[in-house]
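*Asks:* To start, I am sharing the structure in question, which I have written as structure tokens.
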Amino acid sequence: MSCVFIGSDAVVSKLFQPDVRPVDWHEPASFQKALRFATRLVVAGLRGLSDRDFLTINQLPTVFVLTSGIDLTHLIMHIQDGRLCLTPWDRIVCLGDVDTHFYRAPWIEFFGGGLTLDPGLFHSLENKPWGSLPAPSGFDKISKPTLVKFAIKMRAANTFPFSPVVASGENAQCLIDCCFDVTDVVVSGAEKMPPDALIAAPEEIEASLSANPQATLLVCPAIVNGDMSMELIHRRVALAARRPVNLLNVNAIGTLPDQSVLAGLTYELG
Amino acid sequence: MTVMKCFIVCNMFPALVSNVVRAPGLRAEQLAFQARPHFDQVQYLMLRSRYDLLCRGPQVTSNLTAHRDFLVIDDVRVKDFLNRQPPSVFVFSQPEMAGMLSPAIKRHSVVYDILAPKELELRSGKADATQIATAKRRHQTFLTFADRVLVNGEKNRLLFEDDLAGQKEVVTNPFCPLIPHSDSPEPPKRDHILFFSSAQKWTQNTPFLDAMAELMATKSDVKAVLMSPLKHHEDPESLAISQLIQMPNVRRIKSLSYPAHVSLLQRCAGVMDWSIVNGERVNSTSTRLIQAVGSGAAIFGNAGTGLDAFWNGYPGATSQDAPDTAKLEAFIDCALKGTFAPDLKRAEIWNRELLENPTVFGGL
């Protein structure tokens, strides 16, 4: 376990880590060496990121530290332009008065994950690295780069002429950015609007359809294999929806060692 | 006994079948509502070519619901369809469906509904001369063959005065979309402010957005929603929008589906949309503002548009010149306090009388 911290000295001193010596990132050789063995990233300087950094960020589970509204604006910009993607492996931690900004980016709270940046964080990470946020069953075996590829395909398929209002089940809410561009999405619960689209893990299909009967689209991210086949998912959607359903799109990415496939199924309802 | 039928020819989806609804779709719904007491059956009609055009593209636009009142007919079958129907009434909103007109006039009655001054819009949008000439020619054709002409408000009637001089029947029928009522037992709290960036390329609302950016920075207790796509650097309002999207009390949303938009309007105390009045704006009516009034929100708009003759008086505030922050702040405070409630009540009565107006379709 090795955790690399990208950010300015000011933020490092804010985290008052006496025993952490950040690698001098103006010296590329030592920075690259440190990255080679890293398994986790902490990004605090969202303003200072370069194109090379995104290659690393999209490989490793990352904590994004927001210190101000400006950091959030940069995060939104990177997601919007397709450079970044928030997966169940990522966390957003707010330092300072970022709470007021939850109104303009209500999805931040999906990526809290109970992680706080206290001085003990680095010590605790050495012993116990953070895992995946609650996700549909089997998703904790899928690495971040695979999820990023999944997101690229899903976002291209799920484009709306308007900002979709999205409701998601408990298990699928951290996949919101893997299914839609999260900066273009309205969160149904937080913003009190009737949902247009649902994200539901296979085990949540019935519950989310009965809770939101007016939705017209259902996205089901699932690990498809012999036990949970596409036919079974289709039967469950068709039975629970009580109206005509149409499978618009299937994105299948990456075969896992046990021959199961990561798939995103997009259903049109009614 | 023959069945009296009325067909509303659509060039956009009504809310009955789609959740992407524009002004012509809302107008079609209004006309259908007004026609229902006078006919045995009222149906929407769309040409196959138009339908395909609207459904094209990689987007998830095909969220269409089938409904027996919404018919799509193939372009080559139009003649057969029209000949098979008993004498009916065909309502054309906007003159785009000229292909249907010539078979229709033989046996049926034609109602021409002028929703917006198309020619002026095209001129303001700097369309090419052929396009303008086509719009003008179609407009004239429809005027020649229409049994009844509907115009959107008094101001439009004045604008088309010369065209309408030879018409037998002209009915003023201002735009008034139907507003689905919220099904929640208690009405939601109206504590939001909604404002927009410019929708058409010929409208210009930079002064308004600049003032809003200045104001929202100071009024951090007011929650506002800015409905706007991201603008490019060459757009004049991009500076104001990039200031606004960084404020913690401003939420930017590109646009919303119809049900979500309606639910947002029901939580808004005030809706603001201002742009510089130009040759086209003088006669135009704003769908955004009309929808807002329908759902009970006070509005802030520009003085001197087609809306002046609506609702027996404006339910909100207007501004002739570019609004300054003081003016906007006064409106927001009044709207949140509910000062405009009597005006909104009057507007609601005006809207209801309009929807129940029997002269629009009576006697056809």
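*Asks:* What residues of segment A:183-199 lose no less than 30 Å² of accessible area with every protein chain in place versus their chain by itself (probe 1.4 Å, heavy atoms only)?
*Replies:* Those are A:Asp184, A:Glu191, A:Lys192, A:Met193, A:Pro194, A:Asp196, which lose 30 Å² or more relative to the chain on its own.
*Asks:* In whole percent, and with a 1.4 Å probe on the protein chains, what portion of the accessible area of segment B:210-364 is carbon and sulfur? Kindly include the intermediate steps, with their values, before the conclusion.
*Replies:* Working: 3200 of 6020 Å².
The value for segment B:210-364 is 53 percent carbon and sulfur by accessible area.
*Asks:* Counting each DSSP H run of 4 or more residues in chain B as -39500 (n - 2.57), what helix-only mean residue ellipticity at 222 nm follows after dividing by all residues, to the nearest 500 deg cm²/dmol? Write out the running numbers ahead of the final one.
*Replies:* Values: 14 runs with 136 residues, N = 364.
Calculated mean residue ellipticity at 222 nm is -11000 deg cm²/dmol.
*Asks:* Also, I was wondering about something else. May I have the pair-distance distribution P(r) for chain B, computed from all Cα-Cα distances with 20 Å bins from 0 and rounded to whole percent?
*Replies:* Reading the bins upward from 0: 28, 58, 15, 0.
*Asks:* Translational diffusion coefficient of the protein assembly as shown at 10 °C, 1.306 mPa s, Stokes-Einstein with Kirkwood Rh over Cα pairs, in µm²/s as a whole number. Please list the in-between numbers first.
*Replies:* Details: Rh = 27.2 Å.
Reported coefficient: 58 µm²/s.
*Asks:* Among bridges DSSP assigns within segment A:197-270, what percent are antiparallel (round to 5)?
*Replies:* Numbers: 17 of 20 bridges.
Bridges in segment A:197-270 that DSSP calls antiparallel: roughly 85 percent.
*Asks:* Now for a different question. Each residue of segment B:295-302 in turn: what ³J(HN,Hα) in whole Hz from Karplus with 6.51, -1.76, 1.60 and θ = phi - 60°, glycine and Pro shown as x?
*Replies:* Each residue of segment B:295-302 in turn: 9, x, 10, 6, 10, 10, x, 8 Hz.
*Asks:* Using every Cα-Cα pair within segment B:192-349, state what percent have a distance larger than 30 Å.
*Replies:* Numbers: 887 of 12403 pairs.
Tail of the P(r) past 30 Å holds 7 percent of the pairs.
*Asks:* What number results when the radius of gyration of segment A:126-270, computed over Cα atoms, is divided by 2.2 N^0.38 Å? Walk me through the numbers on the way to the answer.
*Replies:* Details: Rg = 14.7 Å, N = 145, 2.2 N^0.38 = 14.6 Å.
Against the compact-globule rule of thumb, the ratio is 1.01.
*Asks:* Let me ask something else about it. Can you work out D for segment A:214-270 in µm² s⁻¹ from Stokes-Einstein, where Rh is the Kirkwood radius over C-alpha pairs, the temperature is 25 °C and the viscosity is 0.890 mPa s? Kindly include the intermediate steps, with their values, before the conclusion.
*Replies:* Values: Rh = 11.7 Å.
This corresponds to a translational diffusion coefficient of 209 µm²/s.
*Asks:* Which whole-Hz couplings ³J(HN,Hα) result when phi for each residue of segment B:195-202 is put into the Karplus expression 6.51 cos²θ - 1.76 cosθ + 1.60, θ = phi - 60°, listed in order with x for Gly and Pro?
*Replies:* Per-residue couplings from phi come out as 9, 10, 9, 5, 8, 9, 6, 9 Hz.
*Asks:* Report the Cα centroid-to-centroid distance between segment B:233-304 and segment B:336-364 in angstrom, as an integer.
*Replies:* Rounded to whole Å, the Cα centres lie 22 Å apart.
*Asks:* Per 0.36 nm of contour for each residue apart, how much would the distance between B:Asp221 and B:Ser184 grow if the chain were fully extended, relative to their Cα-Cα spacing?
*Replies:* Details: separation 37, 0.36 × 37 = 13.32 nm, distance 2.63 nm.
The B:Asp221-B:Ser184 span can extend by a further 10.7 nm.
*Asks:* Please give the total accessible area that chains A and B bury against each other, computed with a 1.4 Å probe and expressed in Å² to the nearest 100.
*Replies:* On the way: alone 12800 and 17150 Å², together 27340 Å².
For A against B, buried area totals roughly 2600 Å².
*Asks:* Hey, another quick one. Using C-alpha positions alone, give me the convex hull volume of segment B:5-173 per residue in cubic angstrom.
*Replies:* 129 Å³
*Asks:* Still on this structure: Once you have a ≥ b ≥ c as the square roots of the Cα gyration tensor eigenvalues for segment A:163-203, tell me rounded if a/c is under 1.5, and otherwise prolate or oblate according to whether a/b is larger than b/c. Don't jump to the answer; show the numbers that get you there.
*Replies:* Working: a/c = 1.91, a/b = 1.29, b/c = 1.48.
Taking the square roots of the gyration eigenvalues as a ≥ b ≥ c, segment A:163-203 is oblate.
*Asks:* Over segment A:218-270, with every protein chain in place, what whole percent of the accessible area is carbon and sulfur at 1.4 Å, could you tell me? All intermediate terms of the calculation are to be shown ahead of the outcome.
*Replies:* Details: 1350 of 2570 Å².
Here it works out to 52 percent.
*Asks:* Segment B:173-205 to segment A:151-203: how many Å between their Cα centroids?
*Replies:* 24 Å
*Asks:* Next question, about the same structure. Which percent, to the nearest 5, of DSSP beta bridges fully inside the protein assembly as shown are antiparallel?
*Replies:* Working: 17 of 81 bridges.
Once the DSSP bridges in the protein assembly as shown are tallied, antiparallel ones form about 20 percent.
*Asks:* May I pose another question? At 1.4 Å probe size, with every protein chain present, just tell me what the per residue accessible area of segment B:192-349 comes to in Å². If you can, show how the numbers build up before the last one.
*Replies:* Numbers: 5740 Å² over 158 residues.
Ligands and nucleic acids excluded, the figure is 36 Å² per residue.
*Asks:* Kindly provide the pair-distance distribution of segment B:6-106 built from C-alpha pairs, with 5 Å bins from 0 and whole-percent values in order of increasing distance.
*Replies:* 2, 12, 24, 26, 20, 11, 3, 1, 0
*Asks:* For a quick check of your reading of the filter: which trypsin sites (Lys or Arg not before Pro) in segment B:119-160 sit in a DSSP loop and have no more than 14 other Cβ atoms within 10 Å? Each step should come with its number before you reach the end.
*Replies:* Values: sites: B:Arg123, B:Lys126, B:Lys136, B:Arg137, B:Arg138, B:Arg148, B:Lys155, B:Arg157; in loops: B:Lys126.
When the trypsin sites (Lys or Arg not before Pro) of segment B:119-160 are filtered for loop state and at most 14 Cβ neighbours within 10 Å, B:Lys126 remain.
*Asks:* Could I ask something else about it? Can you tell me the mean projection area, over all orientations, of the convex hull of segment B:316-364's alpha carbons? Units nm², please. The partial results should precede the final answer.
*Replies:* Values: hull surface 20.1 nm².
Taking a quarter of the hull surface, the average projection is 5.0 nm².
*Asks:* Something else about it: Give the carbon-plus-sulfur fraction of the accessible surface of segment B:5-173 in %, rounded to a whole number; probe 1.4 Å, heavy atoms of protein chains only.
*Replies:* Details: 3790 of 7530 Å².
Carbon plus sulfur share of accessible area: 50 percent.
*Asks:* Counting only protein heavy atoms, probe 1.4 Å: which residues of segment B:195-230 lose 10 Å² or more of accessible surface in the full assembly compared with their chain by itself?
*Replies:* Checking the loss per residue gives B:Lys223, B:Leu230.
The values are calculated or read from the model by the stated rules, or taken from the named source; none is laboratory data. Keep in mind that what you see is a predicted model, and the values were worked out from it rather than measured. Virtual Cβ from ideal backbone geometry, glycine too; neighbours counted across all protein chains shown. For accessibility, only protein heavy atoms count, side chains too; no ligands or nucleic acids. Shrake-Rupley method; radii C 1.70, N 1.55, O 1.52, S 1.80 Å.
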